[in-house]
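The values are calculated or read from the model by the stated rules, or taken from the named source; none is laboratory data. Since the model is a prediction, treat every value here as computed from it, not as a measurement. FYI the Cβ positions are ideal-geometry reconstructions off the backbone, even for glycines, and counts take in every protein chain you see.
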Amino acid sequence: MSDTIGRITVPTLVSSGLTFPLVTDQNYGFTQDRPVVVHRFGSLDAKQEQRFIAGIGPRKFAFRRQHLSLRDRNSLVAFWEGLQGAWQSFLYNVPNADQTFTSTTVTWEYAPLSIQYLANACQTGFNFIEVPSPSATPYPVNAAPSVRFPSSAMSAALLSEVQQIIPLVHIRVREQAVPDIWLSDRRVTLSDNTGGAVQAAMGWQASTQLYLPRLIGIGESGSDVLISQDIKGSSDNVRFTFGNADRVMTQIANDTDLKYAEIDLCLYHVNSGLVLQLWKGVIQNYTSDGTANFPVTCSDGFFQIMNQYPERQASRQCWKTCNDGVSCPWATKGASAAQVTARGGDPTSCDYYLESANGCQVHGMSPYFGGSRPIHRASSSKTIPPDFSASAATPSPPLRSSPTLSGAWRFRRSGATAAETRSTHSWSRP
(Lines give C-alpha, C1' and ligand atoms only; values in the text may rest on other atoms or scores of the structure.)
Protein backbone atom coordinates (compact mmCIF):
# COMPACT_ATOMS: atom_id res chain seq x y z
CA MET A 1 0.00 0.00 0.00
CA SER A 2 1.36 3.40 -0.96
CA ASP A 3 2.11 6.01 1.70
CA THR A 4 0.22 9.29 1.82
CA ILE A 5 1.22 12.72 3.12
CA GLY A 6 -1.94 14.69 3.72
CA ARG A 7 -4.10 13.82 0.73
CA ILE A 8 -1.14 13.25 -1.63
CA THR A 9 0.05 9.75 -2.48
CA VAL A 10 3.82 9.30 -2.28
CA PRO A 11 5.21 7.52 -5.36
CA THR A 12 7.04 4.32 -4.51
CA LEU A 13 10.20 2.99 -6.10
CA VAL A 14 9.22 0.10 -8.38
CA SER A 15 11.31 -3.06 -8.23
CA SER A 16 12.26 -4.31 -11.68
CA GLY A 17 13.35 -7.76 -10.50
CA LEU A 18 16.47 -7.55 -12.73
CA THR A 19 20.11 -8.08 -11.80
CA PHE A 20 22.92 -5.79 -12.93
CA PRO A 21 24.86 -7.73 -15.58
CA LEU A 22 28.41 -6.44 -14.96
CA VAL A 23 31.01 -6.70 -12.20
CA THR A 24 33.10 -3.76 -11.03
CA ASP A 25 36.90 -3.67 -11.04
CA GLN A 26 38.77 -4.62 -7.90
CA ASN A 27 39.50 -2.20 -5.02
CA TYR A 28 36.12 -0.49 -5.32
CA GLY A 29 33.77 -0.96 -2.37
CA PHE A 30 31.18 1.27 -0.73
CA THR A 31 31.00 4.48 1.31
CA GLN A 32 28.52 5.53 3.98
CA ASP A 33 27.99 9.06 5.25
CA ARG A 34 27.80 9.64 8.99
CA PRO A 35 26.99 13.35 9.45
CA VAL A 36 27.92 14.79 12.84
CA VAL A 37 26.69 17.95 14.58
CA VAL A 38 29.29 19.58 16.84
CA HIS A 39 28.24 21.65 19.86
CA ARG A 40 31.11 23.74 21.17
CA PHE A 41 31.15 24.93 24.80
CA GLY A 42 32.47 28.27 25.96
CA SER A 43 34.59 26.73 28.71
CA LEU A 44 38.23 25.66 28.35
CA ASP A 45 38.84 28.39 25.78
CA ALA A 46 36.14 26.94 23.53
CA LYS A 47 38.12 23.71 23.18
CA GLN A 48 35.46 21.54 24.78
CA GLU A 49 32.84 20.19 22.42
CA GLN A 50 30.13 17.58 22.21
CA ARG A 51 29.43 15.64 19.04
CA PHE A 52 26.07 14.27 17.95
CA ILE A 53 25.70 11.90 15.04
CA ALA A 54 22.80 13.11 12.88
CA GLY A 55 22.05 9.69 11.42
CA ILE A 56 23.52 7.07 9.18
CA GLY A 57 23.23 7.70 5.46
CA PRO A 58 22.62 5.02 2.85
CA ARG A 59 25.46 2.96 1.49
CA LYS A 60 26.87 4.06 -1.87
CA PHE A 61 28.52 1.43 -4.06
CA ALA A 62 31.15 2.57 -6.57
CA PHE A 63 31.19 0.86 -9.96
CA ARG A 64 34.27 1.45 -12.12
CA ARG A 65 35.39 -0.20 -15.35
CA GLN A 66 38.62 1.15 -16.82
CA HIS A 67 38.42 -1.22 -19.79
CA LEU A 68 34.86 -1.89 -20.96
CA SER A 69 34.48 -3.96 -24.11
CA LEU A 70 31.93 -3.06 -26.73
CA ARG A 71 29.91 -6.16 -25.82
CA ASP A 72 29.75 -5.10 -22.16
CA ARG A 73 28.98 -1.58 -23.28
CA ASN A 74 25.96 -2.78 -25.28
CA SER A 75 24.84 -4.85 -22.29
CA LEU A 76 25.10 -1.82 -19.99
CA VAL A 77 23.17 0.46 -22.35
CA ALA A 78 20.45 -2.14 -22.89
CA PHE A 79 20.08 -2.57 -19.12
CA TRP A 80 19.85 1.20 -18.64
CA GLU A 81 17.26 1.65 -21.33
CA GLY A 82 15.27 -1.32 -20.06
CA LEU A 83 14.97 0.33 -16.64
CA GLN A 84 14.14 3.70 -18.23
CA GLY A 85 16.77 5.43 -16.14
CA ALA A 86 16.73 5.67 -12.36
CA TRP A 87 13.01 5.02 -11.88
CA GLN A 88 13.26 1.36 -10.85
CA SER A 89 15.37 -0.60 -8.38
CA PHE A 90 17.37 -3.71 -9.21
CA LEU A 91 19.80 -6.19 -7.66
CA TYR A 92 23.54 -5.58 -7.62
CA ASN A 93 26.15 -8.15 -6.64
CA VAL A 94 28.32 -6.27 -4.14
CA PRO A 95 31.88 -7.66 -3.95
CA ASN A 96 33.06 -8.66 -0.49
CA ALA A 97 36.58 -8.83 0.95
CA ASP A 98 36.66 -12.65 0.68
CA GLN A 99 35.98 -12.56 -3.09
CA THR A 100 32.31 -13.42 -2.63
CA PHE A 101 29.29 -11.36 -3.61
CA THR A 102 26.19 -10.16 -1.75
CA SER A 103 23.01 -9.40 -3.67
CA THR A 104 21.74 -5.95 -2.63
CA THR A 105 18.78 -3.88 -3.83
CA VAL A 106 20.06 -0.58 -5.27
CA THR A 107 19.20 2.19 -7.69
CA TRP A 108 21.23 4.72 -9.66
CA GLU A 109 22.59 7.73 -7.79
CA TYR A 110 22.43 10.01 -10.82
CA ALA A 111 20.10 9.78 -13.78
CA PRO A 112 22.57 10.49 -16.64
CA LEU A 113 24.75 7.60 -17.80
CA SER A 114 28.18 8.73 -19.00
CA ILE A 115 30.47 6.52 -21.10
CA GLN A 116 33.88 7.60 -22.39
CA TYR A 117 34.85 6.06 -25.71
CA LEU A 118 38.46 5.11 -26.50
CA ALA A 119 40.05 3.68 -29.62
CA ASN A 120 39.08 0.06 -29.00
CA ALA A 121 37.29 0.13 -25.64
CA CYS A 122 35.21 2.26 -23.28
CA GLN A 123 35.46 3.60 -19.75
CA THR A 124 32.65 4.31 -17.32
CA GLY A 125 32.07 5.00 -13.67
CA PHE A 126 29.00 5.69 -11.52
CA ASN A 127 27.53 4.99 -8.11
CA PHE A 128 24.64 2.93 -6.82
CA ILE A 129 22.59 3.81 -3.73
CA GLU A 130 21.22 1.10 -1.51
CA VAL A 131 17.45 0.94 -1.16
CA PRO A 132 17.02 0.35 2.58
CA SER A 133 14.44 -1.98 4.04
CA PRO A 134 13.37 -0.35 7.30
CA SER A 135 12.47 -2.52 10.21
CA ALA A 136 8.75 -2.96 10.83
CA THR A 137 9.32 -3.24 14.59
CA PRO A 138 8.10 -0.01 16.21
CA TYR A 139 10.16 1.96 18.71
CA PRO A 140 8.48 1.99 22.14
CA VAL A 141 7.69 5.22 23.99
CA ASN A 142 7.95 4.32 27.66
CA ALA A 143 6.62 7.51 29.30
CA ALA A 144 4.49 10.54 28.59
CA PRO A 145 6.35 13.17 26.53
CA SER A 146 8.20 15.97 28.30
CA VAL A 147 7.28 19.49 27.24
CA ARG A 148 10.04 21.96 26.37
CA PHE A 149 12.54 20.64 28.95
CA PRO A 150 13.68 17.02 29.42
CA SER A 151 12.45 15.08 32.40
CA SER A 152 14.77 13.78 35.10
CA ALA A 153 14.85 10.36 33.43
CA MET A 154 15.77 11.85 30.06
CA SER A 155 18.32 14.19 31.65
CA ALA A 156 20.05 11.19 33.20
CA ALA A 157 19.92 9.30 29.91
CA LEU A 158 21.49 12.24 28.05
CA LEU A 159 24.63 11.87 30.17
CA SER A 160 25.49 8.64 28.38
CA GLU A 161 28.46 8.49 26.03
CA VAL A 162 26.34 7.27 23.11
CA GLN A 163 23.20 9.10 21.99
CA GLN A 164 20.72 8.36 19.24
CA ILE A 165 18.00 10.96 18.65
CA ILE A 166 15.32 10.87 15.95
CA PRO A 167 13.58 14.15 15.00
CA LEU A 168 9.80 14.00 14.61
CA VAL A 169 7.76 16.68 12.82
CA HIS A 170 3.98 17.00 13.01
CA ILE A 171 2.05 19.39 10.75
CA ARG A 172 -1.62 20.23 11.12
CA VAL A 173 -3.12 22.48 8.43
CA ARG A 174 -6.18 24.68 8.96
CA GLU A 175 -8.36 22.66 6.59
CA GLN A 176 -10.02 19.97 8.66
CA ALA A 177 -10.46 17.58 5.73
CA VAL A 178 -6.68 17.18 5.36
CA PRO A 179 -5.19 14.46 7.61
CA ASP A 180 -2.31 15.27 9.92
CA ILE A 181 1.20 15.06 8.44
CA TRP A 182 3.86 13.03 10.29
CA LEU A 183 7.43 13.34 8.98
CA SER A 184 10.96 12.47 10.07
CA ASP A 185 14.43 12.01 8.62
CA ARG A 186 13.81 8.26 8.29
CA ARG A 187 10.94 5.82 8.16
CA VAL A 188 10.13 5.06 11.78
CA THR A 189 7.13 3.79 13.74
CA LEU A 190 6.54 4.66 17.40
CA SER A 191 4.25 2.78 19.76
CA ASP A 192 2.54 3.88 22.97
CA ASN A 193 3.64 1.75 25.95
CA THR A 194 1.88 3.88 28.58
CA GLY A 195 -1.73 2.89 28.01
CA GLY A 196 -2.78 5.96 26.01
CA ALA A 197 -0.88 8.84 27.61
CA VAL A 198 1.53 9.18 24.68
CA GLN A 199 -1.26 8.88 22.12
CA ALA A 200 -3.23 11.69 23.75
CA ALA A 201 -0.22 13.97 24.19
CA MET A 202 1.13 13.47 20.66
CA GLY A 203 -2.25 13.54 18.90
CA TRP A 204 -1.98 10.10 17.33
CA GLN A 205 -5.05 8.44 15.88
CA ALA A 206 -3.97 5.00 17.17
CA SER A 207 -1.52 3.48 19.62
CA THR A 208 1.16 3.44 16.90
CA GLN A 209 2.18 6.18 14.49
CA LEU A 210 4.23 5.98 11.29
CA TYR A 211 6.57 8.87 10.44
CA LEU A 212 7.56 9.04 6.76
CA PRO A 213 11.07 10.01 5.59
CA ARG A 214 10.96 13.59 4.30
CA LEU A 215 12.97 15.82 6.68
CA ILE A 216 16.48 16.55 5.39
CA GLY A 217 17.51 19.52 7.52
CA ILE A 218 16.67 21.69 10.53
CA GLY A 219 18.02 25.22 10.81
CA GLU A 220 19.85 27.36 8.31
CA SER A 221 22.03 25.61 5.74
CA GLY A 222 25.64 25.39 6.90
CA SER A 223 24.78 26.30 10.51
CA ASP A 224 24.55 24.11 13.60
CA VAL A 225 21.81 26.32 15.10
CA LEU A 226 18.44 24.57 15.13
CA ILE A 227 16.28 27.21 16.85
CA SER A 228 17.24 30.87 17.27
CA GLN A 229 16.01 32.47 20.50
CA ASP A 230 16.85 35.58 22.53
CA ILE A 231 15.74 37.31 25.72
CA LYS A 232 14.44 40.44 24.01
CA GLY A 233 10.95 39.05 23.62
CA SER A 234 11.10 38.40 19.88
CA SER A 235 9.58 35.23 18.49
CA ASP A 236 11.49 32.02 17.81
CA ASN A 237 12.59 31.28 14.27
CA VAL A 238 12.94 27.74 12.94
CA ARG A 239 13.65 26.57 9.42
CA PHE A 240 12.76 23.07 8.23
CA THR A 241 13.92 21.65 4.90
CA PHE A 242 11.91 18.81 3.39
CA GLY A 243 12.78 16.67 0.40
CA ASN A 244 10.88 17.57 -2.76
CA ALA A 245 12.55 15.58 -5.51
CA ASP A 246 9.27 13.78 -6.24
CA ARG A 247 7.31 17.09 -5.99
CA VAL A 248 5.11 15.71 -3.21
CA MET A 249 5.56 18.81 -1.03
CA THR A 250 4.67 21.02 -3.99
CA GLN A 251 1.49 19.02 -4.52
CA ILE A 252 0.62 19.42 -0.84
CA ALA A 253 1.09 23.19 -1.08
CA ASN A 254 -1.19 23.25 -4.13
CA ASP A 255 -3.77 20.99 -2.50
CA THR A 256 -4.14 22.98 0.72
CA ASP A 257 -2.86 26.15 2.37
CA LEU A 258 0.29 25.47 4.40
CA LYS A 259 0.56 29.02 5.67
CA TYR A 260 -0.32 29.39 9.35
CA ALA A 261 -0.44 25.62 9.72
CA GLU A 262 0.55 24.30 13.14
CA ILE A 263 3.92 22.55 13.27
CA ASP A 264 5.76 20.98 16.18
CA LEU A 265 9.17 19.37 16.62
CA CYS A 266 9.70 16.41 18.93
CA LEU A 267 12.88 14.47 19.67
CA TYR A 268 12.76 10.72 20.31
CA HIS A 269 15.64 9.41 22.43
CA VAL A 270 16.22 5.87 21.26
CA ASN A 271 18.44 4.88 24.21
CA SER A 272 15.78 5.58 26.84
CA GLY A 273 12.59 5.38 24.76
CA LEU A 274 11.49 8.89 25.79
CA VAL A 275 10.08 11.78 23.76
CA LEU A 276 10.74 15.49 24.25
CA GLN A 277 8.23 17.95 22.76
CA LEU A 278 10.82 20.62 22.08
CA TRP A 279 9.05 23.32 20.06
CA LYS A 280 5.70 24.25 18.52
CA GLY A 281 4.74 27.10 16.22
CA VAL A 282 3.15 28.02 12.90
CA ILE A 283 4.37 28.07 9.31
CA GLN A 284 5.00 31.61 8.10
CA ASN A 285 6.39 30.99 4.62
CA TYR A 286 7.63 28.28 2.29
CA THR A 287 9.45 28.13 -1.05
CA SER A 288 8.64 25.86 -3.97
CA ASP A 289 11.09 26.71 -6.75
CA GLY A 290 11.32 23.42 -8.64
CA THR A 291 14.40 22.16 -6.80
CA ALA A 292 14.75 19.05 -4.66
CA ASN A 293 14.44 21.09 -1.45
CA PHE A 294 11.30 22.53 0.11
CA PRO A 295 12.31 25.01 2.86
CA VAL A 296 9.70 26.07 5.40
CA THR A 297 10.14 29.10 7.66
CA CYS A 298 8.31 28.92 10.98
CA SER A 299 7.89 30.99 14.12
CA ASP A 300 6.22 30.49 17.47
CA GLY A 301 2.57 31.23 18.16
CA PHE A 302 3.35 34.69 19.58
CA PHE A 303 4.76 35.97 16.28
CA GLN A 304 1.84 38.24 15.46
CA ILE A 305 1.36 39.79 18.89
CA MET A 306 5.08 40.23 19.57
CA ASN A 307 5.47 42.62 16.65
CA GLN A 308 5.54 46.29 17.58
CA TYR A 309 2.83 46.93 15.00
CA PRO A 310 1.10 43.63 14.16
CA GLU A 311 0.21 43.68 10.49
CA ARG A 312 -3.08 42.41 9.20
CA GLN A 313 -4.01 42.77 5.57
CA ALA A 314 -7.45 43.74 4.40
CA SER A 315 -8.77 40.61 2.74
CA ARG A 316 -12.09 39.25 1.57
CA GLN A 317 -11.16 35.87 3.08
CA CYS A 318 -11.86 34.97 6.70
CA TRP A 319 -8.88 34.23 8.91
CA LYS A 320 -10.73 32.02 11.41
CA THR A 321 -10.67 28.24 11.61
CA CYS A 322 -13.98 26.74 10.58
CA ASN A 323 -16.03 25.39 13.49
CA ASP A 324 -13.23 25.55 16.05
CA GLY A 325 -15.63 26.39 18.84
CA VAL A 326 -13.79 29.59 19.74
CA SER A 327 -13.56 32.04 16.85
CA CYS A 328 -16.10 30.23 14.70
CA PRO A 329 -18.78 28.50 16.84
CA TRP A 330 -20.82 27.18 13.93
CA ALA A 331 -22.00 24.07 15.80
CA THR A 332 -23.79 26.19 18.44
CA LYS A 333 -24.44 29.54 16.70
CA GLY A 334 -24.80 28.75 13.01
CA ALA A 335 -27.43 27.18 10.79
CA SER A 336 -28.16 23.49 10.98
CA ALA A 337 -26.55 20.98 8.67
CA ALA A 338 -29.86 20.48 6.85
CA GLN A 339 -30.22 24.22 6.25
CA VAL A 340 -26.66 24.48 4.92
CA THR A 341 -27.26 21.55 2.57
CA ALA A 342 -30.53 23.08 1.37
CA ARG A 343 -28.70 26.30 0.53
CA GLY A 344 -26.21 24.38 -1.61
CA GLY A 345 -23.37 24.37 0.91
CA ASP A 346 -21.30 21.72 2.66
CA PRO A 347 -21.76 21.53 6.44
CA THR A 348 -18.36 19.86 6.91
CA SER A 349 -16.24 22.60 5.31
CA CYS A 350 -16.08 26.31 4.48
CA ASP A 351 -14.37 28.29 1.74
CA TYR A 352 -13.74 31.26 4.12
CA TYR A 353 -15.66 33.85 2.07
CA LEU A 354 -18.79 35.78 3.03
CA GLU A 355 -21.09 35.58 0.02
CA SER A 356 -19.67 32.55 -1.78
CA ALA A 357 -21.46 29.28 -2.45
CA ASN A 358 -20.05 27.68 0.72
CA GLY A 359 -19.26 30.74 2.82
CA CYS A 360 -20.38 32.33 6.06
CA GLN A 361 -23.84 33.41 4.86
CA VAL A 362 -24.67 29.87 3.77
CA HIS A 363 -23.60 28.56 7.18
CA GLY A 364 -25.53 31.29 9.00
CA MET A 365 -22.33 32.79 10.43
CA SER A 366 -22.35 36.29 8.93
CA PRO A 367 -21.85 38.04 12.32
CA TYR A 368 -18.70 35.99 12.87
CA PHE A 369 -17.09 36.68 9.48
CA GLY A 370 -13.43 37.57 9.99
CA GLY A 371 -12.68 39.20 6.65
CA SER A 372 -13.40 42.65 5.26
CA ARG A 373 -17.01 43.00 4.21
CA PRO A 374 -17.76 44.20 0.67
CA ILE A 375 -19.45 47.59 0.27
CA HIS A 376 -22.50 47.57 -2.03
CA ARG A 377 -23.09 50.98 -3.64
CA ALA A 378 -26.53 52.06 -4.81
CA SER A 379 -25.13 53.98 -7.78
CA SER A 380 -21.98 54.08 -9.80
CA SER A 381 -21.02 57.53 -8.58
CA LYS A 382 -18.16 57.75 -6.10
CA THR A 383 -18.20 60.10 -3.15
CA ILE A 384 -15.00 60.99 -1.36
CA PRO A 385 -15.64 61.34 2.37
CA PRO A 386 -14.89 64.77 3.84
CA ASP A 387 -11.83 65.61 5.82
CA PHE A 388 -13.02 65.30 9.42
CA SER A 389 -9.92 67.02 10.75
CA ALA A 390 -11.27 70.37 9.47
CA SER A 391 -14.67 71.93 10.04
CA ALA A 392 -17.48 71.49 7.58
CA ALA A 393 -17.67 75.24 6.95
CA THR A 394 -14.03 75.49 5.91
CA PRO A 395 -13.17 72.37 3.91
CA SER A 396 -9.51 71.85 3.20
CA PRO A 397 -8.62 72.76 -0.39
CA PRO A 398 -6.70 70.32 -2.58
CA LEU A 399 -2.95 70.66 -2.70
CA ARG A 400 -1.88 72.69 -5.73
CA SER A 401 1.46 74.16 -6.69
CA SER A 402 1.98 77.84 -7.23
CA PRO A 403 2.49 78.69 -10.92
CA THR A 404 4.97 81.47 -10.06
CA LEU A 405 7.35 79.07 -8.34
CA SER A 406 7.28 76.20 -10.84
CA GLY A 407 9.68 75.55 -13.69
CA ALA A 408 13.46 75.61 -13.83
CA TRP A 409 14.76 78.81 -12.13
CA ARG A 410 11.19 80.20 -12.54
CA PHE A 411 11.69 80.72 -16.30
CA ARG A 412 9.12 78.12 -17.35
CA ARG A 413 5.85 77.20 -15.81
CA SER A 414 5.10 73.54 -15.24
CA GLY A 415 1.88 72.23 -16.75
CA ALA A 416 1.49 69.64 -13.97
CA THR A 417 -0.65 70.43 -10.99
CA ALA A 418 -0.10 68.54 -7.73
CA ALA A 419 -3.35 67.26 -6.24
CA GLU A 420 -4.37 64.71 -3.68
CA THR A 421 -4.83 61.16 -5.02
CA ARG A 422 -6.76 58.49 -3.16
CA SER A 423 -6.73 54.77 -3.87
CA THR A 424 -10.03 53.19 -4.85
CA HIS A 425 -9.41 50.00 -2.86
CA SER A 426 -7.32 48.68 0.01
CA TRP A 427 -7.40 44.94 -0.54
CA SER A 428 -4.23 43.00 0.38
CA ARG A 429 -2.80 46.05 2.14
CA PRO A 430 -1.92 46.39 5.83
Residue list for segment 245-299, restricted to those being at positive phi and hydroxyl-bearing (S, T, Y): Y260
Members of segment 128-169 found to be of a type outside the set (F, W, Y) and assigned to a strand (DSSP E or B), listed by number: I129, E130, P140, V141, S146, V147, I165, I166, P167, L168, V169
Does S103 satisfy being in contact (Cβ under 8 Å) with a residue 60 or more places away in the chain, surrounded by fewer than 18 Cβ atoms within 10 Å (Cβ to Cβ), in a strand (DSSP E or B) and among the hydroxyl-bearing types (S, T, Y)? yes
Meets criteria (exposed (fewer than 14 other Cβ atoms within 10 Å of the Cβ), without any contact (Cβ under 8 Å) to a residue 60 or more places away in the chain and of a type outside the set (G, A, S)) for Q116: yes
For segment 13-42, how many residues meet the condition of being part of a strand (DSSP E or B) and of a type in the set (A, V, I, L, M)? 5
Any idea which of (1) touching a Cys at 6+ places or on another chain (Cβ under 8 Å); (2) part of a strand (DSSP E or B) is the one R73 doesn't satisfy? (2)
Of the residues that make up segment 31-43, is at least one more than 29 Å from the chain's Cα centre (by Cα), surrounded by 10 or more Cβ atoms within 10 Å (Cβ to Cβ) and among the β-branched types (V, I, T)? yes
Among the candidates L212, L183, single out the residue that is within 15 Å of the chain's Cα centre (by Cα), assigned to a strand (DSSP E or B), modelled with pLDDT of 95 or more and not charged (D, E, K, R). L183
Any residue at all in segment 138-145 that is within 30 Å of C266 (Cα to Cα), of a type in the set (S, T, Y) and touching a residue at least 12 places away in the same chain (Cβ under 8 Å)? yes
Just to be sure I understand, how many residues within segment 231-278 are of a type in the set (V, I, T), within 30 Å of Q88 (Cα to Cα) and in a strand (DSSP E or B)? 1
Matching entry among Q123, Q66, Q84, Q88 (being polar (S, T, N, Q), at positive phi and at pLDDT below 90): Q84
Can you name the condition, by its number, that F52 falls short on among (1) within 25 Å of the chain's Cα centre (by Cα); (2) modelled with pLDDT of 75 or more; (3) part of a strand (DSSP E or B)? (2)
Total residues in segment 253-274, condition among the hydrophobic types (A, V, I, L, M, F, W, C), buried (at least 21 other Cβ atoms within 10 Å of the Cβ) and under 14 Å from P138 (Cα atoms): 1
Some residue of segment 11-18 being of a type outside the set (D, E, K, R), modelled with pLDDT of 90 or more and either within 22 Å of V106 (Cα to Cα) or in contact with a strand residue (DSSP E or B) (Cβ under 6 Å, 6 or more places away or on another chain) (or both): yes
Where F90 falls short, out of the listed (1) touching a Leu at 6+ places or on another chain (Cβ under 6 Å); (2) surrounded by fewer than 13 Cβ atoms within 10 Å (Cβ to Cβ): (2)
Give the number of residues within segment 233-252 that are surrounded by 19 or more Cβ atoms within 10 Å (Cβ to Cβ) and more than 27 Å from S146 (Cα to Cα). 4
Can you name the residue in segment 7-28 that is within 20 Å of the chain's Cα centre (by Cα) and aliphatic (A, V, I, L, M) and, of all such residues, is surrounded by the fewest Cβ atoms within 10 Å (Cβ to Cβ)? V10
